[in-house]
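Novice: If you scroll down you'll find the structure; I have some questions about it.
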Amino acid sequence: MRQRETRSTVSRAARRQHPPRRASAEGTGRPGNVPNMTNSSAENGESPSQLIDAKIKELDDWRGETLSRLRGLIRQADPDVVEEWKWRKATNPGVPVWSHNGGICTGETYKNVVKLTFFKGASLEDPAGLFNSSLDGKVRRAIDVHEDDEIDEQAFVTLIRAAVSLNESSSR
C-alpha cells in the first residue's frame, strides 16, 4: 500500500515537471490534437462539398446512397444552402453540415443509420412525424434513416424550408 502512494506522488511530480505532450494540430500552429473547426476550411484545399462527395463515395453502400439523396433534397429545398464540414479531429474525420443563416442540420453516418440532426428541431412543426430520434431534447431533433426506410420527400423538403425560415427569422 505504501509503495502505491509513493508511486502516485512521483507520478504527480513528474506530470508537473513534464506535462504530457500532445501532437501539434496540423496546419494550425497550435498545440493539441483538435484543430479549430468553427470554420469550414479543409486540409489539402478540399472544399466542404468535395469532402461530402468523398464521404458519399467512401461509404459505397446504402448509407452513401441515402446521404446523397437527402443532400439532393436539402439542395432542392434551399438552393442557397451552404455546405460545411465541421468538427474534424483525430478520432473523427468530420461531419457534413448544411446551413443558411445558421445551422440547419448535420448528416452523420453510422453502421446502421444515417442521422440528420436538426439544430433547432424542437422549434419546428413536424406534422409528418419525420423526427424519430432525440425527441426528448429541448433544442435538437433528429431523423434516423435505416436501410430500406422510405422517406416522405415532400415532408422532408418542407421541414428543411421551415428550418431555413426559422433561421432567417432568428437572424433579424
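The values are calculated or read from the model by the stated rules, or taken from the named source; none is laboratory data. Quick caveat, the model's predicted, so the values are computed rather than measured. Please note: Cβ atoms are built from the backbone with ideal geometry, for glycine as well, and neighbour counts cover all protein chains shown.
Novice: May I ask you to list the residues in segment 145-172 that are more than 14 Å from Pro127 (Cβ to Cβ) and of a type in the set (Gly, Ala, Ser)?
Specialist: Ala163, Ser165, Ser169, Ser170, Ser171
Novice: Being within 30 Å of Glu168 (Cα to Cα) and touching a residue at least 60 places away in the same chain (Cβ under 8 Å) is the filter; apply it to segment 52-80 and report the residue that is surrounded by the fewest Cβ atoms within 10 Å (Cβ to Cβ).
Specialist: Gln76
Novice: Scan segment 97-131 for residues that are touching a residue at least 24 places away in the same chain (Cβ under 8 Å) and among the acidic types (Asp, Glu) and report the count.
Specialist: Matching residues across segment 97-131 total 2.
Novice: What's the total number of residues in segment 45-90 that are modelled with pLDDT under 95 and among the small types (Gly, Ala, Ser)?
Specialist: Going through segment 45-90 one residue at a time, the tally reaches 5.
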